[in-house]
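Scroll down for the structure; my scribbles are underneath it.
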Amino acid sequence: MPNLLLKAQQYLQTFNQQPPLHTMTPAEVRKLRATAKKVNLPTNVNLSTITDQWITVRDGEQIKIRLYRPIGEGPFPVIIYYHGGGWVLNSIETSDASCQMLASMTNSIVVSVDYRLAPEYKFPIPMYDAYDVFLWVTKNIQAIHGIPEKISVMGDSAGANLATVVTLQAKQANGPTIASQILLYPVTELTYDSPSYYEFAEGYGLNKKDMEWFGNYYLEEDSQKNNPYVAPLKAKDVTGLPAALIIVAENDVLRDEGIAYGDYLKSSGVYVEQLMAKGLIHSFFTKNEIFQEEIEKTIQTVHSFINQK
């Protein structure tokens with residue numbers, strides 16, 4: 001733990017020298033992040049292919065997905081991955097290294113989704129993109145050599161929000177079956193008032209004001225904060241949702257709402273495994289240059305979870 005805390009502190013010392021997100025425009029933040037160095041992958045990552053593909057979604061537009069295929073003939077479990085970034089930032093490139101590790105270490109096909117971002121594409125467009133890719137995977141499961149009964153949805157932060165919202169959409173539409181949902185430090189409401197929001201309001205990589213900034217860009221109007229497809233904690237019925245693995249970071253404004261969502265699912269009869277990543281901060285899963293060992297441990301946990309049934 002001391003070594004882990006030191007790594008987090010060293011990262012935050014550098015990160016906090018940058019202007020806070022909420023003091024910039026989305027364009028300015030995207031430009032700043034575009035200069036980030038390419039992450040070096042561990043030597044034990046072995047994949048058959050990595051391919052990009054464009055698929056058509058419900059409004060006739062096309063979005064990009066990236067398929068990571070393990071070595072072997074398959075069929076393989078499938079993990080649909082939605083990247084974090086507050087629905088405003090990042091892309092499939094941000095999570096590329098982690099998705100390569102995820103596919104290799106779990107022996108699964110990973111489908112990473114480049115859903116459209118706010119403020120250019122506000123709610124509900126990112127949510128619809130997320131669900132439409134899920135439908136595309138179910139329709140093309142044989143072609144991509146996936147196992148129909150082993151399709152999981154996964155994401156980090158706002159991507160975890162989209163992942164669990166996909167399960168809510170599938171429930172309402174009586175859609176295809178989802179085997180499990182894997183939620184890393186998920187956004188589950190936009191009230192910004194849990195105890196962890198005040199405990200880690202500044203200086204821990206994601207400020208309280210940053211989350212308010214994200215919410216303001218994602219939503220057309222404030223009343224949408226009560227929509228369960230924005231805030232799954234507001235959902236009136238979560239019975240029958242897929243088994244969930246929820247991992248929260250100890251030092252994160254989103255910690256308490258992630259725990260609360262897990263408790264809500266459990267109280268509704270959903271099988272849930274809840275873990276707290278001690279000493280870690282928000283978005284650790286894609287900070288490969290800092291938290292490589294912790295990412296590997298997380299993926300090992302995911303591997304065990306999706307294969308226990």
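The values are calculated or read from the model by the stated rules, or taken from the named source; none is laboratory data. What you see is a predicted model; the values in this text were computed from it and never measured. Here the Cβ positions follow ideal geometry from the backbone for every residue, glycine too, while neighbour counts run over all protein chains shown. Calculation scope for accessible area: heavy atoms of the full protein, side chains included, ligands and nucleic acids excluded. Shrake-Rupley method; radii C 1.70, N 1.55, O 1.52, S 1.80 Å.
Peptides 172-181, 116-125, 50-59: what's the order by average Cβ count within 10 Å, highest mean first?
The most tightly packed comes first, giving 116-125, 172-181, 50-59.
Is the shape of segment 18-164 rounded, prolate or oblate, going by the alpha carbon gyration tensor and its root eigenvalues a ≥ b ≥ c, with a/c under 1.5 for rounded and a/b larger than b/c for prolate?
oblate
How large is the direction-averaged shadow of the alpha-carbon convex hull of segment 77-216, in nm²?
Convex hull of Cα atoms, orientation-averaged projection: 8.8 nm².
Using the Cα atoms as the points, what is the convex hull volume per residue of segment 259-309 in Å³?
84 Å³
When the chain is treated as a GNM, springs tying every alpha-carbon pair under 10 Å, which of Tyr218, Tyr197, Tyr11 comes out with the largest mean-square fluctuation?
Comparing Tyr218, Tyr197, Tyr11 in the GNM, the peak value goes to Tyr11.
According to the square roots a ≥ b ≥ c of the eigenvalues of the Cα gyration tensor, what is the shape class of segment 1-99, taking rounded for a/c under 1.5, prolate for a/b larger than b/c otherwise, and oblate for the remainder?
oblate
Taking the Cα centre of segment 187-309 as the origin and placing charges on Cβ (Lys, Arg +1; Asp, Glu -1), which of Phe305, Phe285, Ile259 is farthest toward the positive end of the dipole?
About the Cα centre, the residue reaching furthest to the positive side is Phe305.
Return the long-range amide H neighbours of Ala244 (sequence gap of 5 or more, or a different chain), with a cut-off of under 5 Å between placed amide H atoms.
Gln181, Tyr271, Val272, Glu273
Only helices at least 20 Å long along their axis, Cα-based, and averaging 0.5 or more on Kyte-Doolittle count here, so list those DSSP H runs from the chain. Numbers along the way, then the final one.
Numbers: long enough: 125-139 (21 Å, 0.43); 158-173 (22 Å, 0.55); 288-306 (26 Å, -0.32).
In the chain, the long hydrophobic H runs are 158-173.
Starting from the Cα of Lys171, draw a straight line to each of the lysines and keep only those under 16 Å, dropping any in the same chain fewer than 8 residues away.
Lys171 reaches Lys234, Lys236.
Ignoring ligands, DNA and RNA, what percent of the accessible area of the chain is carbon or sulfur (1.4 Å)?
The nonpolar share, carbon plus sulfur, comes to 50 percent.
Evaluated at 37 °C with a viscosity of 0.692 mPa s, what Stokes-Einstein diffusion coefficient in µm²/s does segment 207-284 have when Rh comes from the Kirkwood expression over alpha-carbon pairs?
238 µm²/s
With +1 on each Lys and Arg Cβ and -1 on each Asp and Glu Cβ, and nothing else charged, work out how big the dipole of segment 47-131 is about its Cα centre, in Debye to the nearest 20.
On the way: 6 positive and 9 negative charges, 24 e Å.
Its charge dipole is roughly 120 debye.
In whole Hz, what ³J(HN,Hα) sequence does segment 143-155 give by Karplus (6.51, -1.76, 1.60; θ = phi - 60°), x for Gly and Pro?
5, 8, 6, x, 9, x, 7, 10, 9, 10, 10, 8, x
In whole Å, what is the distance between the alpha-carbon centres of segment 249-309 and segment 120-167?
When both Cα centres are located, 19 Å separates them.
Solvent-accessible area per residue for the chain at a 1.4 Å probe radius, Å²?
For the chain, the per-residue accessible area is 43 Å².
Identify which of Gln274, Gln13, Gln292 has the largest mean-square fluctuation in a Gaussian network model of the chain, with springs joining Cα atoms closer than 10 Å.
Sorting by GNM fluctuation, first place goes to Gln13.
Note the direction-averaged projected area, equal to a quarter of the hull surface, for the Cα convex hull of segment 154-255, in nm². Spell out each step's value before the answer.
Values: hull surface 26.0 nm².
Directional mean of the projected Cα hull area for segment 154-255 stands at 6.5 nm².
Mind scanning Lys64/Lys225; Lys266/Lys297; Lys122/Lys209; Lys209/Lys278 and naming the pairs with a C-alpha gap bigger than 26 Å? Kindly include the intermediate steps, with their values, before the conclusion.
Details: Lys64/Lys225 28 Å; Lys266/Lys297 24 Å; Lys122/Lys209 19 Å; Lys209/Lys278 24 Å.
Pairs exceeding the cut-off: Lys64/Lys225.
Relative contact order of segment 3-144: what whole-number percent is it, with Cα pairs under 8 angstrom and at least 6 residues apart?
Details: 168 pairs, mean separation 31.2, N = 142.
Here the relative contact order equals 22 percent.
Report the net charge of residues surrounding Arg66, where surrounding means a beta-carbon distance below 11 angstrom and charges are Lys +1, Arg +1, Asp -1, Glu -1. Kindly include the intermediate steps, with their values, before the conclusion.
Details: positive: Lys64, Arg69; negative: Asp52, Glu93, Asp96, Asp114.
That sum, taken over residues with Cβ under 11 Å, equals -2.
Can you run the Rg to Rh ratio on the chain? Use alpha carbon positions and the Kirkwood inverse-distance Rh.
0.93
Among Ile50, Thr94, Gln18, pick out the residue whose Cα is farthest towards the positive end of the charge dipole of segment 2-113, where Lys and Arg carry +1 and Asp and Glu carry -1 on C-beta, about the Cα centre.
Gln18
Placing unit charges on C-beta atoms (Lys and Arg positive, Asp and Glu negative, everything else neutral), compute the dipole magnitude of the chain about its Cα centre in debye, rounded to 20.
In debye, rounded to 20, the chain gives about 500.
Evaluate the distance, in nm, between pseudo-label points positioned 7 Å from the Cα of His22 and of Thr177 along their respective Cα→Cβ axes.
Rounded to a tenth, the inter-label distance reads 4.4 nm.
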